[in-house]
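Only the coordinates and a few stated rules stand behind these numbers; no lab work does. Quick caveat: nothing in here was measured; it's all calculated off a predicted structure. We place every Cβ from the backbone using ideal geometry, glycine too, and count neighbours over all the protein chains shown.
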Ligand code: SF4
């Protein structure tokens, strides 16, 4: 097992407990709560200590969940936040019980497929991958543009939890929430996990553009951040994904993710974006997250969807770019996939 995913490995060996299973067993006194945001902040401190003290005590898994748990509190809080959605840094502030924001997600979630995925990083496979519809980005080169622009199967929380348990028995090493993107579905994902019985690591496969408010809620649940680092500056992010303040938001979330969980970073190298994106990202990662962070430098970019409207990215990478990207990564990082 590569460095950096030791806790993940311990969960799979049955020597540590996935965070959501700990949150599910952490008792909260609902009757005494008036301000749910404040209560979450206060219980969060105690829960952090609970993970440290009990995270490897497998007897905790034998405890029955309390009437109301820290995970219940998080779900209630997320459902409250939907009235004024700021799950991601687009901060649409719409009432998702009545209308859509940018991502076109209401209260219900839809997904396109769920299966045991053998095409992920070696330490993750087989990965029980759940592809949600919709996204908080709109990348012109989106390789999943078909699933992010429609709603396929409506999510049944209990049914999906049952499938996660079945896939675990079939050999999945993790449950991997992706899309599209998982962030806008956080309320339903936590509700699914509340019904899951297996001790299984949770992988959050995200564009990392979530708000700080959402981060503080989900960081106690995510075991591994499988995190996209797409751009090295705001101009490229705005041009190709229609997002603002990308660099500030993403670097903040990566620093927070490193504190709270284990990290596997993905960077898709794009043609003509070696200096402005790949090099800047790799250097920042090395300086701020350490040379040993697990890093997947990906070369499978191909132009699709609206990429042909942008001549500089309307081709695959050439050999010179692949070699250059590899040289940059090898210079600054020690733990490449
Ligand atoms: S998740 Fe983001 S894009 Fe979707 S409605 Fe909320 S703030 Fe807007």
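Counting 0.36 nm for each residue step from residue 145 to residue 255 and taking away their Cα separation leaves a gain of 36.7 nm.
At a 10 angstrom cut-off on C-beta neighbours, averaged per residue, how do the peptides 225-232, 4-11 rank from highest to lowest? Intermediate values should be presented prior to the final figure.
Details: 225-232: 23.5, 4-11: 19.1.
Final packing ranking: 225-232, 4-11.
Spin-label model, residue 36 to residue 248: label points 7 Å out along the Cα-to-beta-carbon direction sit 2.9 nm apart.
Of all beta bridges DSSP finds with both residues in the stretch 6-332, what is the antiparallel percent, to the nearest 5? Walk me through the numbers on the way to the answer.
Values: 10 of 32 bridges.
Just about 30 percent of them are antiparallel.
Modelled spin labels at residue 57 and residue 314, positioned 7 Å past Cα toward Cβ, are 6.3 nm from each other. With the highest mean first, a sort of the peptides 30-40, 104-114 on other beta-carbon atoms found within 10 angstrom per residue produces 104-114, 30-40. The distance between label points at residue 327 and residue 93 comes to 4.9 nm (points 7 Å beyond Cα on the Cα→Cβ vector). Can you give the angle from 0 to 90° between the axis of helix 157-169 and the longest principal axis of the chain, with both taken from C-alpha atoms, to the nearest 10? Orientation of helix 157-169: about 80 degrees from the principal axis. Over the stretch 1-92, the alpha carbon radius of gyration divided by the compact-protein estimate 2.2 N^0.38 Å works out to 1.26. Look at the alpha carbon pairs under 8 Å that are at least 6 residues apart: their mean separation over the length of the chain gives a relative contact order of 16 percent. Can you tell me the orientation of helix 319-332 relative to the chain, as the angle in degrees between its alpha-carbon axis and the longest Cα principal axis, to the nearest 10? It works out to around 50 degrees. Helix 36-54 against the longest principal axis of the chain: what's the angle in degrees, Cα atoms only, rounded to the nearest 10? Between helix and principal axis, roughly 90 degrees. Computing FRET efficiency as 1/(1 + (r/R0)^6) for residue 336 and residue 152, where r is the C-beta to C-beta distance and R0 is 25 Å, gives about 0.15.
Decide, for the chain, between rounded, prolate and oblate: order the square roots of the alpha carbon gyration tensor eigenvalues as a ≥ b ≥ c, take rounded if a/c falls under 1.5, and otherwise choose prolate if a/b is larger than b/c, else oblate.
Taking the square roots of the gyration eigenvalues as a ≥ b ≥ c, the chain is prolate.
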